[in-house]
Structure formats: structure tokens, C-alpha cells
Amino acid sequence: MRRFFRRLVHNRIGFIGFVLCLVVLGAAAFAPLIATHDPFAQSIRARLQGPSGAHWLGTDNFGRDVYSRVLHGYRTSISTAVGAVLLATLAGGVAGLVAAYAGGWADRLIMRFMDILLAFPIILLAIAVLAVLGPGSVNTGLAIGIVYTPIFARLARGPALTVLSWDYVAAARALGAGAPRIMLRHVLPNIAAPLMVQITLSLSTAILVEASLSFLGLGTQPPTPSLGLMLSDSRDYMLLSPWTSVFSGLAILLASFGFNLFGDGLRDLLDPALRNAAA
Amino acid sequence: MTSYVVRRLLDLVFVLFGVSVLIFLMLRMIPGDAVLIMLGANVDITPDRVEALRRSLGLHLPLHEQYWQWLTGVVRGDLGRSIWTGRPVLDEILARLPVTLQLTGLALAAAIVVSFPIGILSASLRGGTADTVVRILAILGLTLPSFWVGVLMLYFASIYLPLWPTIGYVPFADDPGGNLARMVLPVIAVSLPMVAGLSRILRSSLLDVLSLDYIRTGRAKGLARRTLLYKHALRNAMIPVVTVIGVQVGYLLSGVVVIEQVFAIPGIGRLVIGAINERNYPLVQGVILIVTAVFVFVNLLVDLAYAWIDPRVEYA
């Protein structure tokens, strides 16, 4: 672990990403503590202000403090994105491992189903799921989780097939290890590295998809602070005060950018074949 | 090659079948009574109207018969009727689809045209700091929320280019100049992430190819740098770029659905969002089915193009 961190510090891209992720996760986790205002408190007199000492990132059309709303918006979007990616990792990972282990028709059935899910353009599948379930941040997390499941199923199945063909797995099986033990103790550690990279990169895109869906009005619903929704609402007041639009979008970019940088750096660090060779 | 094409077509039929089942089930998986939800708060709903809608959607039949009825309808081009306007869903979609296809096509073309020079130029910048900077810029481009870029561009255009037509849509046939002028900002917003993605892949693939032996041989026998780059290296370097274009079109379509909302462009994106808000489920189903079918075909074309460009691809 310590060696990993030493290498991370030397990988500039990974390190910048890591720091950004910490900032964003910290903002989401400690939002109630570091927010300067109540994110719901309205003030008619302080509407549509620019950044100032009292309101660091200005105020929106209801006079609500944008800095505090961005922090709480992070809570919504990060928890939605994390929940979605967790769901996709579990569902996709289990499906991929079962497919690899079972082989035969079960393998074909599972992977064919994943192919069908992959056939939809990302946002349309998410929209379809939300059309069935109705809007809201929990349903948005479910929708994004379903959309990302096939990615993890494919990612888990490929390397698992390779590992399962190795002699030591045959040895473990000969010693009487059951399927769950083989998968967890022998296969999983071998596919952990690409899985970690994919989880980080998926968080980056899930944040963008969540923001898009909320921007469209299908994701998180008001009054819950949400970055996509803030950007969407602030458009009508742009000519009076562009600051809410600028900062809510910037906050989305920062989070997605951070996770993507970190994932990119992780790929260098965890993939021995790519190490030093990455362009 | 023929057997490869046949196999891909069979795959396609299977995937489209699966897609159709999922989209069919959509309406049936809505918690509660979909018909009552659709009719919503309309005051003039009578039991007769509810029953009529139920029958027109075929909801009174057993599930497999419903599917069969729906599927045979779809194959004949009957996607049902829009709940509110009563117009055939297919007509509603066909009226909007060209707008979305134009926007997507222009964005795709713009992304390809712009990413080539950027990819080639950035490949000539190598080494520690340059690599890092190029990578950070590429990731920044990939994660730019296109709807944010669109909103910001609208703002700046309204201040610095007040005469530029920024929002809305006019058909190309009515006013070619006005049509293209309105496309400029949305195309930029939606193609930026793709430019970043494509030029990054082109750069790394170009750097790989340039380190191969046949390039060294070419240099040793005195070929000009330009010839070497454009005639020998670029063609091979393009292969990975082509493979990702199919995937990228999916992202592009997703971006377009959202950007239509920003620029008030009456395409498929606005159609489906509006349909969801008024719980017009047949229309939602129709849009998702048609757009997914288009997407699946584009991916097939990209795969075939890939097999055609790179003779090493296995067809078996």
C-alpha cells in the first residue's frame, strides 16, 4: 500500500486526479460542516448576486447561497454515482464471473443479454428506465447502474476465463474448493486491477450522466440540491447573473475530471504492461 | 468476408429482437395501472375512454399475444398512436428524426475533421511534460459537460454576437444559411468530447506506428517525412480510431439528446423528454426503438468498415 502511494505521488496525472477526488469526496461528505449557509434558505433581497465575501460563489434566483448548494449538490451526485457504479460492479461482476465459471448455455444467455443492454445508446436506456420508474435520485442511480452493468460483466468475464484455465485453479478445484471459494479467493484478486480502473472511470462518466439526467428534469427533483438541476434552472437568469450557471457546471466538470484523471493514472500504476509506455 | 457479414447480420437480428422485447415490456413494467397514469389528471376520463385506450394498446390480451400484436405492428411501421395528438407515433418521429440526424452527422464530421490535425500535431510533441499536458487536456475535453458548454456559449453569443441566430431550428430546404448558422454552436458543444477522444487515440496509435520497423526502414531509405507520415504511418494509425467511432456515436447521440434541450432544437431528444413528461408511453417506446435501431445499424456499418480497412481482421 505504501509503495502504491509512493508510485502514485510520482505519477503526476494520477496524483492530481487523486487530490481532486479527495476534494470532491470531502466536499460531499462534509457538506453540512463546511457550507457557509443553509442550502435551502431563500433571501429575496440577495437574489442573483455575484461572488462576494458573504456569498463565495454568489446567489441564485431565490437568493440561495451557491457555494453551499454546490457542496450539497455534490452529496447528491456523488452518492448517486457511487451507488450506481456499486450496483453495476456487483451485478455485472457477479454476472460475468458466473458466465465465465458456468460456461455453455448459461454463459451465452448471460452475455447475450448484456449485448442487448449495450445496444442502447447510454442516455436513452437510462431515460427508458426512468420513464418506467419515475424521476428521483434513487431511481437515477438504479438507471445508471443498469446501464453500466454490461460493461462490468464483460470486464469480469474475459480475465476470469483466462484465470480459470490456469493450473493452480485446477489444483484448487482438485483440493475440493467450491465455486464461490475459487471465484473469491483465486479469480477476484487477479481481476481486481482492471476492475478498480473501470470503477474509477465509470464514476467519472456516471457523474456526467447523472448531471445530464437532472438537467433534463428526469433525475434528482427539486428542492434537493443537484448540480444538473442548478445549471438547468439558472439558464433563465443568465443574462442577469451568469455565476450560478458557471459554478454549477464547473463543479460537475471538476468532479468528473478528477475521477477520470485518477482512473487514468491508476491504469498506469496497476497495469504492468503499460507502465512507462503510456502516451 | 461474406460469411462474416452474414454472421453479423444474424447477431443484429438477435439483438434487435432482444431490444424490442425490452422496449415492449417497458409499458408493462410501470408500477400501477399504466393506462390510468397516462390519462393522469384529465377530468373527462370516463370508464369508456379507459377501456378504449386499454384495447387500443392491446393490454386486454395475454402477454405473448400482446407482444406478437405489437411486433407485427412495428414491422409494418405501425408504432401505435400518440396518446394526446392521436397522430401515428411513426409520423411524429419521422418529423423530428432528420433534425437529430443532421445535428449528429455534422457533429461527427466536425469531430473527425478537427481531431485529425490535432492528433497529428500532438503526436509530434513528445516527452515527459508534453505527454502529461496533452493527456490532461484530452481528459479535460472528454469530461466537459456538453450542456454546460452549450449554456456558456449561448451566454457569450448573446453578448458578443447578438445578431447570430443561436436557438431554434429552420429546415435546410427553407433557409440553408439560417439552418447551418443555428447548427454551429450545438455542433461545437456536442463534438468537443469526441474531438478529445479521437485525437487522443489517434496520437497514441500514431506514436505506436511511428516506432515500428517499417517506418524506420522507410526513413533509412530516405523517404520524406511527409510521405512517411501521411502515406505510410497515418493509414495504419487510423485503424484504432475507426473502431472507437461506433462507440463514440453512442456518446454523441446522448450528447445530442441533451443539447437539443439547451438550444431549443425540435429533434428526437425534445420529443422524448416531452413525451415522458406527459406520460405518452407509446411515443417514448417508439423513439427509443427507432433511435436504438439506428445506433445498432451504425455500429454494424463501423464494424464492416473496420473489417474492410484492416484486412487482418478475422472474419471467421
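The values are calculated or read from the model by the stated rules, or taken from the named source; none is laboratory data. Bear in mind the structure is a predicted one, so any value in this text is a computation, not a measurement. Virtual Cβ from ideal backbone geometry, glycine too; neighbours counted across all protein chains shown. Keep in mind that these areas ignore ligands, DNA and RNA; they rest on the heavy atoms of the full protein, side chains included. Shrake-Rupley method; radii C 1.70, N 1.55, O 1.52, S 1.80 Å.
Tabulated data for the structure shown
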read-out: From the options A:212, A:232, residue that is of a type outside the set (Phe, Trp, Tyr), out of contact with any Ser or Thr (no Cβ under 7 Å at 6 or more places or on another chain), at pLDDT below 90 and within 17 Å of residue B:255 (Cα to Cα); value: A:232
read-out: Pick from segment A:234-256, criterion open to solvent by less than 30 Å² (accessible area, probe 1.4 Å) and within 7 Å of another protein chain (Cβ to nearest Cβ), ranking: nearest to residue B:158 (Cα to Cα); value: A:238
read-out: Hits in segment B:169-217 - residues which are farther than 27 Å from residue B:148 by Cβ and of a type in the set (A, V, I, L, M, F, W, C); value: B:172, B:173, B:206, B:207, B:209, B:210, B:212, B:215
read-out: All positions within segment B:286-316 that are farther than 21 Å from residue B:252 by Cβ and open to solvent by 10 Å² or more (accessible area, probe 1.4 Å); value: B:308, B:310, B:311, B:312, B:313, B:314, B:315, B:316
read-out: Matching residues in segment A:210-233 - criterion: being within 14 Å of residue B:155 (Cα to Cα) and more than 7 Å from chain B (Cβ to nearest Cβ); value: A:232
read-out: Filter result for residue B:10 (within 14 Å of another protein chain (Cβ to nearest Cβ) and out of contact with any His (no Cβ under 7 Å at 6 or more places or on another chain)); value: yes
read-out: Yes/no for residue B:206 being buried (at least 21 other Cβ atoms within 10 Å of the Cβ), within 16 Å of residue B:120 (Cα to Cα) and within 14 Å of chain A (Cβ to nearest Cβ); value: yes
read-out: Long-range neighbours under 6 Å by Cβ, at least six apart or interchain, first residue closer than 22 Å to residue B:131 by Cα and touching a residue at least 24 places away in the same chain (Cβ under 8 Å) within segment A:1-26, second open to solvent by 70 Å² or more (accessible area, probe 1.4 Å) and β-branched (Val, Ile, Thr); value: A:15/A:9
read-out: Count - residues of segment B:13-28 that are in contact with an Asp or Glu (Cβ under 7 Å, 6 or more places away or on another chain) and either closer than 16 Å to residue B:279 by Cα or more than 8 Å from chain A (Cβ to nearest Cβ) (or both); value: 0
read-out: In segment B:259-289, the residues that are among the small types (Gly, Ala, Ser), touching a residue at least 24 places away in the same chain (Cβ under 8 Å) and more than 10 Å from chain A (Cβ to nearest Cβ); value: B:264, B:267, B:286
read-out: Lone qualifier among B:129, B:104 - being within 14 Å of chain A (Cβ to nearest Cβ) and open to solvent by 60 Å² or more (accessible area, probe 1.4 Å); value: B:129
read-out: Extreme residue, surrounded by the fewest Cβ atoms within 10 Å (Cβ to Cβ), among residues of segment B:232-252 that are under 13 Å from residue B:210 (Cα atoms) and in contact with a Gly (Cβ under 9 Å, 6 or more places away or on another chain); value: B:232
read-out: Criterion (more than 11 Å from chain B (Cβ to nearest Cβ) and buried (at least 23 other Cβ atoms within 10 Å of the Cβ)) met by exactly one of A:101, A:67, A:74; value: A:74
read-out: Number of the condition not met by residue B:304 [criteria: (1) within 21 Å of residue B:17 (Cβ to Cβ); (2) facing chain A (nearest Cβ under 10 Å)]; value: (2)
read-out: Qualifying residue in segment A:203-226 (condition: hydrophobic (A, V, I, L, M, F, W, C), free of Cβ contacts under 8 Å to residues at least 40 places away in the same chain and either in contact with a His (Cβ under 8 Å, 6 or more places away or on another chain) or under 18 Å from residue A:94 (Cβ atoms) (or both)); value: no
read-out: When residues of segment A:196-209 are limited to those that are surrounded by 18 or more Cβ atoms within 10 Å (Cβ to Cβ) and more than 13 Å from chain B (Cβ to nearest Cβ), the one farthest from residue B:278 (Cα to Cα); value: A:197
read-out: Test: residue A:241 is assigned to a loop (DSSP other than H, G, I, E, B), touching a residue at least 40 places away in the same chain (Cβ under 8 Å) and within 17 Å of residue A:58 (Cβ to Cβ); value: yes
